[in-house]
Amino acid sequence: MTTLMDRISQGFELLIVLASFIMLGWGLLGFLEYFTGLAPLMPLQNATFPVGMQTLNWIVITASGVTFLVGYFFRWNFTPIAMLVMFTALATMCAVQTFDMLDSPDRYRNFVQECINYIIISIYLFRSKRMRDRFGRITVQGRAGPSPISA
């Protein structure tokens, strides 16, 4: 019997999968525009970003989408850890862009909102039963025997 919480968890799982497809598509379209100048949907390059930041931007965005999707579909048990690393890279890149390059009045609110999203998704990946069932429990295995601290 499926409970309401199970349905909410399943919906959140599908939302993360959809967001990862969007990140992958956004990154690939960003690279397409970056290398060819062709912007099939809308311009994605940010003129305030130096070339190196623009390159890093598309690499990290594309890698984030790929990392989750590959990990999800192959049930890679290190997916939560890999996504924590990707979210850290995305948040760091966003912080640099927010404080050094962007001038939108909403930039600080957007930065905080993005970080909160990463935290919520990370908690879900590590703590939800649904994700533990999919990826396995992430634990650190200690050595056998008594702990040197308790001895």
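So I have (1) 144; (2) 159; (3) 191, and one of them is volume of the Cα convex hull per residue in Å³ calculated from this model. Which one is it?
(3)
Would you mind putting 131-137, 81-87, 61-67 in packing order, based on average other-beta-carbon counts within 10 Å, highest first?
61-67, 81-87, 131-137
Projecting each Cα onto the charge dipole of the chain (Lys/Arg +1, Asp/Glu -1 at the beta carbon, about the Cα centre), which of ALA39, ASN77, ALA63 comes out farthest on the positive side?
Final value for the positive-end residue is ASN77.
Once you list every other residue whose beta carbon is under 11 Å from the beta carbon of ALA95, what net charge do they have if Lys and Arg are +1 and Asp and Glu are -1?
-1
What percent does the relative contact order of the chain come to when contacts are Cα pairs within less than 8 Å and at least six residues apart?
Reported as a whole number, the value is 23 percent.
Using only Cα atoms, tell me the angle between helix 107-127 and the longest principal axis of the chain; keep it within 0 to 90° and round to the nearest 10.
Computed tilt is about 30 degrees.
Using only helices, what value at 222 nm comes out for the chain when you add -39,500 (n - 2.57) per DSSP H run of length 4 or more and divide by the total residues, to the nearest 500 deg cm²/dmol?
When only DSSP H runs of four or more count, the value is -24500 deg cm²/dmol.
For the chain, take the longest principal axis of its alpha carbons; what is the angle in degrees between that and the long axis of helix 4-36, to the nearest 10 within 0 to 90?
Once rounded, the angle reads 40 degrees.
Any read-out appearing in this document is the output of simple, stated calculations on the displayed coordinates, not a laboratory observation. Model, not experiment: these values are computed from the prediction. Please note: Cβ atoms are built from the backbone with ideal geometry, for glycine as well, and neighbour counts cover all protein chains shown.
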